[in-house]
Amino acid sequence: MPESTPSAAKSPRVRFAPSPTGYLHVGGARTALFNWLFARHLGGTFILRIEDTDFERSSEEMVGGILEGMRWLGLDWDEGPFFQSERLALYKATAARLLESGHAYPCFCTKEELEQRRGEAAEAGRPLMYDRRCRRIPRAEAQARMAAGDPAALRFAVSESGSTSFDDAVFGRVEIANAEIEDFVLLRSDGIPTYHLSVVADDIDMRLTHIIRGADHISNTPKQVLQYRALGAELPVFAHVPLILGPDKTRLSKRHGATSVLAYKEMGIVPEAFRNFLALLGWTPGATKDANGKDREIFSPQELIERFTLGGISRSNAVFDNDKLAWFNAEYIRALPVDELSRAIQPFFEQAGLNAAPDRLLAVTPLIRERIRFLRDAVSVADFFFLPELAPYDPADLIPQKGDAALALRILQRAREVLGTSSFDHVALEQKLREAATALGVKTGPMFQPIRVAVCGRRNAPPLFETMAVLGRQVCLARIRQAEERLQSLG
RNA sequence: GGCGCUAUCGUCUAGGGGUUAGGACGUGAGAUUCUCAAUCUUAAAACCCGGGUUCGAUUCCCGGUAGCGCUACCA
């Protein structure tokens, strides 16, 4: 199949070519990941190329964001980043070759004229393709007009008969009648190349062997094939990747929520988890059963590289499932060594304005690691460890189910006595408090609940005894005393 | 509108001419438990429709439908 063409036998060269007209979004990130995985799998070269020929919409800021996103994801590139804005000479030379060989011609139609004609065509009949009128201008006349400084764009002269096809590594053979292909613009009248020209010129110049990109490019691939032929260049293998959709099955966009890769970083997604999730969105390693005969979902970066093939890419679009991403992330968080996880969540506390001393955070981490899906969640789960003063809570929460304020008060008083004397490790605390429960004739559930709320300021919290051990005697006693006061104020 | 592509549980997918159509996320129930989580068990949940080929189609072919993409002097 396509993967075994002559060029593929050489060390493959692939690229990710984002346009800096926006941030690095998840679709782009997945395309980048597939290219990277493919290159790493085969020991090939992964190139980063910034397609910034749309000067109006491109910005340096976006370039920075894209690079940051790539680095965060751990997608290191071997060559580049190259900027198309710095390679204009190549495109002009390529355009000149096409003009000379008769594969391209100047077009003097203005943008306004074209728009008007398109509008008329839409209203009246059918084809809103360029009518090729400038193609009929005699060569001498065209040259004269160009010499006179008449602004002209350069268009590719597409054959009016026959068809153009290519073998896509994921979609198979794609064929389209040439009559359906417009005489597309190669060079704008200001001399800046369009995407159609610059991709081909660069892909040839950079000796790319495989073009792995979004399926939204499948329709204009024939335009590129035509240019490869006209330029006498060998065709790379095309592999189009289906699109990522939002929950409403339309193309993923801002209105679906976070689409910027960096937004996921800020949420506290672990890069490896994100990669694992993205890799499985539109690609499968095939059936890979684990020891229990179930298909595996978790793959280390190395396993992903080992298993990646273009053949595993699916043909249908995929909906981005935030819940599944959260699950992947939780899995990776739980697999992280405590010290690493501790360091990973540290910045989120800082960002929240909490002073989380590293050693204390390290002690807290094992207590919360099974309770967070995103790193950022650590703050809301564990803030009470670092708050000098507990945030206000409803004193009614101190009262256990099927109990009253008097009971809660008794429990808290008894707990305070125990905590005053017990050694402060979680084993001892648990033992002493259980004994106290027995002495009071209260079950452990109702017994521990008031203490939990008093100490943590909330009903749901990490395991009580470990938590108290980390908090320390002083803090626990003070918070319990405070809780008693609140209960009394309740009346 | 034209052209192209696609179609298995709600979602991501495995599979493939004869299967109890498998797994994962999510959802429901239960177990465990100091709460919440985590964990374990378990349940519900799918082959878009119509023809054809065939002894037999979810699988192969054709058509329809739907969705998506392209239809710029954007990329």
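Any read-out appearing in this document is the output of simple, stated calculations on the displayed coordinates, not a laboratory observation. Since the structure is predicted, the reported quantities are computational estimates derived from the model, not experimental observations. We place every Cβ from the backbone using ideal geometry, glycine too, and count neighbours over all the protein chains shown.
Can you list the residues of the stretch A:220-246 with backbone N under 13 Å from a point 7 Å past the Cα of A:Ala263, pointing along Cα to Cβ? Answer for this model: A:246. For the stretch A:172-289, the fraction of alpha-carbon pairs lying more than 23 Å apart is 50 percent, rounded to a whole number.
Its residue count N sets the reference 2.2 N^0.38 Å, and the alpha-carbon radius of gyration of the stretch A:73-122 equals 1.89 times that reference. If you average the C-alpha positions of the stretch A:26-67 and of the stretch A:432-469 separately, how far apart do those two centres end up, in angstrom? About 53 Å separates the Cα centre of the stretch A:26-67 from the one of the stretch A:432-469. Please report the net charge: other residues with Cβ closer than 11 Å to the Cβ of A:Ala405, K and R +1, D and E -1. Cβ neighbours under 11 Å give a net charge of 0. Extension gain for the segment A:Asn355 to A:Ser163, taken as residue separation times 0.36 nm less the Cα-Cα distance, is 62.4 nm to one decimal. Relative to the longest principal Cα axis of chain A, at what angle does helix A:358-368 sit, 0 to 90 degrees, rounded to 10? Long axis of A:358-368 versus the principal axis of chain A: about 90 degrees. Per residue, the convex hull around the alpha carbon atoms of the stretch A:210-256 comes to 73 Å³. Of the residues A:Ala152, A:Gly119, A:Ile298, the one whose Cα sits farthest toward the positive end of the charge dipole of chain A, with +1 on the Cβ of Lys and Arg and -1 on the Cβ of Asp and Glu, is A:Ile298. Averaging 1/r over every pair of different alpha carbons in the stretch A:319-387 and inverting the result gives a Kirkwood radius of 12.2 Å.
The magnitude of the dipole of the stretch A:17-139, with charges of +1 and -1 set on the Cβ of Lys/Arg and Asp/Glu and taken from the Cα centre, is near 740 debye. Backbone phi angles across the stretch A:18-23, fed through the Karplus curve with coefficients 6.51, -1.76 and 1.60 (θ = phi - 60°), yield HN-Hα couplings of x, 9, x, 9, x, 6 Hz in residue order; Gly and Pro are listed as x. Pair-distance distribution of the stretch A:1-135: all C-alpha pairs, bin width 5 Å, starting at 0; shares per bin in whole percent are 2, 9, 13, 13, 12, 14, 14, 12, 8, 4, 1. Counting only Cα atoms, I'd like the Rg/Rh figure for chain A, Kirkwood definition for Rh. With Rg and the Kirkwood Rh in hand, the quotient comes to 1.17. Its alpha carbons considered, the stretch A:277-362 gives a radius of gyration followed by a Dmax of 17.2, 50 Å. Stretching the chain fully between A:His217 and A:Asn322 yields a gain of 35.2 nm (0.36 nm per residue, less the alpha carbon separation).
When Rg and the Kirkwood radius Rh are both evaluated on Cα atoms of the stretch A:150-230, their ratio Rg/Rh stands at 0.98. Give me the distance between the Cα centres of the stretch A:309-381 and the stretch A:154-208, rounded to whole Å. That distance is 44 Å. The GluC sites (Glu not before Pro) of the stretch A:376-454 that meet both conditions, a loop assignment by DSSP and at most 12 other Cβ atoms within 10 Å of the site Cβ, are A:Glu389. Dividing the summed helix terms, -39500 (n - 2.57) for each DSSP H run of n ≥ 4, by the number of residues in chain A produces a 222 nm estimate of -14500 deg cm²/dmol to the nearest 500.
Comparing A:Gly445, A:Val241, A:Tyr195 along the charge dipole axis of chain A, the residue lying farthest to the positive side is A:Gly445, per the Cβ-charge model. Relative to the longest principal axis of the Cα atoms of chain A, the long axis of helix A:111-123 lies at roughly 80 degrees. The Cα atoms of the stretch A:171-210 give a gyration tensor whose axes a ≥ b ≥ c have a/c of 1.5 or more with a/b no greater than b/c, which makes the shape oblate.
In terms of surrounding Cβ atoms within a 10 Å radius of their Cβ, A:Trp327, A:Trp36 rank from fewest to most as A:Trp327, A:Trp36. For the stretch A:320-453, the Cα-based Rg and Dmax, in that order, read 17.9, 54 Å.
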